[in-house]
Structures are given as structure tokens and as C-alpha cells.
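Everything below concerns the one structure shown next.
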Amino acid sequence: MSSQHKTGRPQTKSMAEIVPIRRRTGDTVFAIAVLAFAVVMLALIGEQTKFVKRLKWTHQPAFWPAISLGGMTLFALLYAAGSLRRGGKVSSPSGLRVELFLWLRAVEFVVWFMVYVFAVPLAGYLLSTVVFCLALTLRMGYRDGKMLSAATAVGIGIVLVFKTFLSVKIPGGAVYEYLPAAVRNFLIVNF
Amino acid sequence: MDLFLSGLDAIARFDVIAALLVGAIGGVIIGAIPGVGPAVAIAILLPTTFHFEPIVGLTLLLGIYGSSMYGGAIPAVLINTPGTPVNALTTYDGYPMTKRGEARRALSLAYSASFFGGLFSVICLMVLSSQLADVAPYFGSREIFMAALLGIVLVVVAHRGQNIAAGMLVCFGIFLNTVGLESIRYTQRYTFEQTWLTGGIDLIVVVLGLFALSQAFLLLVGKDERPTAPPVSGGMFHGLGEVLRHKRTATSSAGFGVVMGIIPGVGEFLAQFFSYTLTQKLSKEPERFGRGAPEGLIASEAANNAVPAAAMIPLLALGIPGEALTAMMLSVFYVHSVIPGPALFQTQPDFIISLYLCLLILNVLVLGFLLISTNMLLKVIQIPTRFLGVCILTLSFVGVYSLRNSATDCAMAAVFGLIGLVLRRLELPMVPIILGMVLGGILEDKFRTSMARIKTPLDFIDRPVSAAIFSLIVLAIALHVYSLVVARRRKAVADSSRGH
């Protein structure tokens, strides 16, 4: 934390030294994307909001979208300008590609998540959760029995805590319809 | 006394006690796992708490918020990795103490300082929120508009070095809040003729995406890591005495935590930084800081644990959240039609007292749990990070889907998860988006109400409280600009001296 000063008394570090704020690779891409979003939304303001006749401009439905989008455009412009100015110092084209690829890799897990979302009303919460945990654990490279057992336990544990004990509103699976009435009701209520 | 007893009666119930226990223990465990943090846990649990009574739901969420920082000190001290971002400065003196064989002393000090900070801030909450509530009747729509504007300005100003990004993101948050059916004229704004956008963009969906799903994505796309921590042996009770020997440090640090907790948008990190810097400056042996100084550890832990209760002061007294976690808690109030603000102190004083008591008990429970269970918690730290990502992704589903059983909500949360991932990778703050959404709604609402009563913009500040808040806004901007100019000059001097 401290570095020795000329006087012998240690000098306190600034906050910027403790938590350095730096522009990261991909910053410019993000800044331009935000700027483009703000400009497009601002251009659509006439189409996406209504102008009410004989109403003061401060009362118009478009007033707050205009304020927020105006501010967003201004800040995004400044941010993009700052990023472009510093861009050459912080990122190489290959570094940028790696960063963008990492952002895109997350899309795979969005797909996993959405498959899970659509599976729950069909297969039921318990089955979907256990299969999801196991499959994703395998996908993440864990092969040993200990991790697979842990994944199964996590899946069952989550269902027990949220659906069985806390009665969180999650619908029963469509497959439950094929089961005998008593079992079906039990599963719908608890799993 | 009657009020105290009725408050005590309100919490002497199985569900409140269970919420206290789960919040306290769960928060410590969540805090101890690097890469999870209270925001992720609160975002996931938020919709679940809507089914509970407000006192139960808030106790659970406050428990997680308050106790996570206790837990965050464990990996900070033992493996030099803060469990939550606000334990960053704890590593400076905690880890060097571990390296020289004083892990037990460091942990004991961290727990005790956290306990001191926690208790100090609950006492401040009791005193200050009622004082603020006395002033609160003077808060009309103009004053609340000004207070929300102050919050927006402080959120931008507090993100030093990232002001432009914070401004951009706060405006994005305000814009998100405007999407959907506008409440006065019932016209549609930015719905693109999509029925699922008519109801607007739900704050919970955004919170879950930005905090929980983004963290899951980040862990899943990253390298797998398995942190290991050395076992700790011996009793943990000595720290309490040592903290009391450094009572000036503990009190001033907790005081910083309270002040920073009250000011919107500032939060734990600045509290920790200021208290650490002040303690070092006032110390007779400043050279020991960063090399295992007990005062350094006390300063950082007392300060960050004083923030959660203090952050409740503006929320309870004025209904204005100062940071993302209290913004999330505001939705628990709204779901149960409990409107925080001055009226709450008059209509439901026993509810307020119950909340205070819960916070007090919580700190005692957490300390007790930590003093006996540290070695057990070391196993939690060792969970592989990608597996943690699997767990967070699975839990996020409960959070989003249980809102309205809507796949559209899940898809929206996933999109915000991707945005959150990019923000995390770029080390940009997410809090301005959430505060923009919450404060943006307050701004629009109160602005419209105020406009019905004023003729010129100057009428906004013709009352003492609104004028005072406006002065604070001007002061905050002026001080920020001044500090930027000073920093630039210092940098120029440093650059020129390096050149010579």
C-alpha cells in the first residue's frame, strides 16, 4: 500500500493506483455500438412516441425519452471519441478478435439457458434441472463422478428449496399428464 | 418501549427467524465465494421474496447484503482474493498477516471490525432515519425530484475515471424506464408494436440479467480455477479485544461507512478507501500499512460493513435508493404496497423497529457463525469457478421464470446478461443502469407533478429543502470539476519531472 517518499514518510496511494481504471480491449466496439443504438433510437422518436397537441413540451410523452437518449448520445459520443483516441495503445487486432470471440462464446450459454427455459414446462422442473446441470457440467469439461454427483445434488437441491419448500410459481411439466392422477398431483405441487 | 416490544413481537416468528438465519449464513457463504457476491444472490432471490411478508423478504435480503462482506474477508485474508469487490482493501493487510503466520488473528480482526462497523451503522440508522423522517414532511414533489437528480449526479460523479461511461449508462437506464405504456396519456413509447413491451421493461429482469446471468456467462466462458486456502487453527475471539484497543480507527472508519452509505451512488469502496487512507495518515507507523497492519484491516472492514444499514437510511426515510442493492429492495416494498418514506414512520413504526432489530440480531448471528465455522467455509472457497457458473445459471432461471412464468422475460434477461458480460469484461459499472431505471421513474413522475404547480424553472428551488438539495448538486459538480483540474495539474507536474 505504501511507497517510501523522499521525506521518509510513506506516501499514500491514490484510488486510481489501488484500482487502476483502464480502457480495455473491445472498448471502442462497445462505445460505437452504444452510440449507434442511441442515434437510431433518437431518430425513431417521432415514430415511437406520440406528440399530443396543446400540451406543454415538458409534458409530452417524448420528453423523457428525448432527455435520456440525448444524454446517452452525447456521452456515447464522448466515450467513443475517448476510446478511438486511446484505441491504438491498448488493443491489437488479434487481441480485439479474441475479446469479441469471448463475447460471442457467451451466446452458446444463452442458447443453453433458453433450451432449459423451454424444457421446464414440457419435462417438468425436477427432470429439466437435473439434466441441465449434468449436461452443462459435462460441457464444462468435468468428467469425474464427484463433480457429476455434485451437479445432480445441486439440481435436486435447487428444486427442493425453491419449488418444494418455498412453493415458487413454476408450472408442472406437460409429461406429468401421462402419469396416474395421484402421482401427477404430487409432482405438479412439489416438482 | 411499547413500540420496541411490538417490534420484537413482529419478529418473534418462525418465518422471520428462518429468514434471519438463512440470510446470515447464506450471505456469509455467498460472500466467501469469490465471483458470486451479494448482488447476484439478491437478484436471484428477489422474486422469491415477493411471496413473503415484507419483513421476512427484507430480512432475508438485508441479511445477505450485510453478511456477505463478513464472508468476503475470508478469501481476502487467506488467498489474497476478495470474496466481494468491496473487500479489495482487506487483502492489503490481511494477506500479509496470513503470510507471516497470523491468519487466525487477521480473520478474527476482520470479523470483529466488521461486527463493530455493522453495529455502529445500525445505531446510526436508528438515530438518523427518524431524524430524516422528521424533515421528510418538507419533501414535496419538487424536493423528491431534486433528491433523485442529486442521486443521478452523484452516481456519475462517484465513478471517478469513468464519469462519461457512468453518464452514458445512467441515461441508458433512464431510457429503459421510459419504454412501454406511459402512465399519464397512455401512449406507447418504444414498444415497436410488440405487446410484450407494452408493460415496459421489468427492473427485476434487468437486474437478474445484469448481475446474475452475466456473472454466470463470465464464469462459464472463463478459465476453470480452483482456489485453495490454508486451514486456520485456534480460537477466533481475540479480535474483539484488539478492535476495542483501536477504537478510534474503528469508530472513524465506521463513520465513513455510514456517511458514504447515506450518499447515493457512493457505496462501500469509497468508504473503505477514505477510511484506510485516513487511518494510514494518522498512524504513528504508516509504513506498516500494506504489510500486515491490524489498523489497516480494521479500517477497511469496519468501513465496508457500516454501509449496508446506512444505505437503508435514504431508502426508508425518503424512498430513494442510493445504490443497486437498495434499489432491488425497493421493489420488495412496492410489491407489498408498502411505500417507504416519512409516512412509513408514522403509519408503521413497528415495522421500522422490527427492521432495526433484525439488523442488530443479524450482526450477532453472523459473528457467532463465523467464530465457529471458518474452517468449514474454506471448502466453499474451493468450488471450481466453471461449476459455480453452472450453479448461478441454474439459479438464475428460478429468479426470472418465477416472476410471471414468461419465456420472454428469460430471453430479455439473457440479452441483459450478454450486455452485463460485456460491461464486466470492460470493467464498466452496472450500477448506473439500475439507478437510472429507478431514479428515472421517480424523476419523470415528480417532474410532472411539480410542473403543475410551478411557472418558471426557478420555482423548482424556491423552497428551503429543494434549494438546499440544488446547492448540493452544484457543489458536487463543482468539487468534481475542481478535483479533476487538480489531478490533471498534478499529472502534468509529475510528467514534466519525469521528463527532466
Normalised convex hull volume, the stretch B:126-219, alpha-carbon set, Å³ per residue: 181 Å³
With labels modelled as points extended 7 Å from the Cα through the Cβ direction, what inter-label distance (nm, one decimal) is found for A:H59 paired with A:N185? 5.7 nm
By count of other Cβ within 10 Å, fewest leading, how are B:D459, B:D2 ordered? B:D2, B:D459
Counting only other chains, what is the mean number of Cβ atoms within 10 angstrom of the Cβ of each residue in peptide B:87-98? 1
Determine the distance separating the Cα centre of the stretch A:46-75 from the Cα centre of the stretch B:1-77; give it in Å without decimals. 41 Å
Alpha-carbon centroid distance for the pair the stretch B:328-399 / the stretch A:170-191, whole angstrom: 32 Å
Just to check, using Stokes-Einstein with a Kirkwood Rh over alpha carbon pairs, what's the diffusion coefficient of the stretch A:34-134 at 10 °C and 1.306 mPa s in µm²/s? 88 µm²/s
Positive-pole candidate from B:S483, B:F50, B:G180, dipole of chain B, charges at beta carbon: B:S483
Between A:S94 and A:E47, how high is the FRET efficiency from 1/(1 + (r/R0)^6) when r is the Cβ-Cβ distance and R₀ = 25 Å? Nearest 0.05. 0.05
Could you work out the mean count of beta carbons from other protein chains within 10 Å of each residue's beta carbon in A:69-76? 6
Label B:K281 and B:K491 with points 7 Å out from Cα along Cα→Cβ: what is the distance between them in nm? 2.2 nm
What's the average, rounded to a whole number, of partner chain beta-carbon atoms within 10 Å of each residue's beta-carbon in A:99-110? 6
Less than 25 Å apart at the alpha-carbon level, and either on another chain or at least 8 residues along: which lysines does that give for B:K99? A:K13, B:K281, B:K284, B:K379
Taking a quarter of the surface of the convex hull around the Cα atoms of the stretch A:25-91, what do you get in nm²? 4.5 nm²
Separation of alpha-carbon centers, the stretch B:297-322 and the stretch B:118-191, rounded to whole Å: 16 Å
Given q = 0.13, 0.15, 0.19 Å⁻¹, what are the Debye log10 I(q)/I(0) values for the stretch A:92-191, with equal point scatterers placed on the Cα positions and solvent ignored? -0.57, -0.70, -0.95
Directionally averaged shadow of the stretch B:173-269, computed from the convex hull of its alpha-carbon atoms, nm²: 12.2 nm²
At each listed q (0.12, 0.24 Å⁻¹), what is the log10 of I(q)/I(0) that the Debye formula gives for the stretch B:19-90 modelled as equal alpha-carbon point scatterers? -0.29, -0.89
Hey, what D do you get for the protein assembly as shown in µm²/s if you plug the Kirkwood alpha-carbon radius into Stokes-Einstein at 4 °C and 1.567 mPa s? 49 µm²/s
Per 5 Å bin from zero, what fraction in whole % of the C-alpha pairs of the stretch B:314-401 is there, up to the bin with the longest pair? 3, 10, 12, 15, 14, 16, 15, 10, 4, 1
Calculated Rg and Dmax of the stretch B:210-333 using C-alpha coordinates, Å: 17.9, 47
Cα-centre dipole for chain B with unit charges at Cβ (Lys and Arg positive, Asp and Glu negative), debye to 20: 1460 debye
Write down the radius of gyration of the stretch B:393-500 and its Dmax, each obtained from C-alpha positions, in Å. 22.4, 67
The orientation-averaged projected area of the Cα convex hull of chain B, in nm², is 25.7 nm²
Reported to two decimal places, what Rg/Rh ratio describes the stretch B:51-133 when computed on Cα atoms with Rh from the Kirkwood expression? 1.11
For the stretch B:241-289, the spread of Cα positions along each principal axis, largest first, Å: 33, 23, 12
With runs of 4+ DSSP H residues as the only contributors, calculate the mean residue ellipticity of chain B at 222 nm using -39,500 (n - 2.57) per run, divided by the residue total and rounded to the nearest 500. -25000 deg cm²/dmol
When ranked by the protection proxy of mean other Cβ atoms within 10 Å per residue, highest first, what sequence do the peptides B:471-483, B:63-75, B:425-437 form? B:63-75, B:425-437, B:471-483
For a quick protection proxy, order the peptides B:304-314, B:42-52, A:146-156, B:210-220 by their average other-Cβ count within 10 Å, most packed first. B:304-314, B:210-220, B:42-52, A:146-156
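Taken together, the values in this text are just the output of simple stated rules run on the coordinates, not laboratory data. Please read all numbers here as calculations on a predicted model, not as lab measurements. Positions of Cβ are generated from backbone atoms using ideal geometry, with glycine treated the same way; all protein chains shown enter the neighbour counts.
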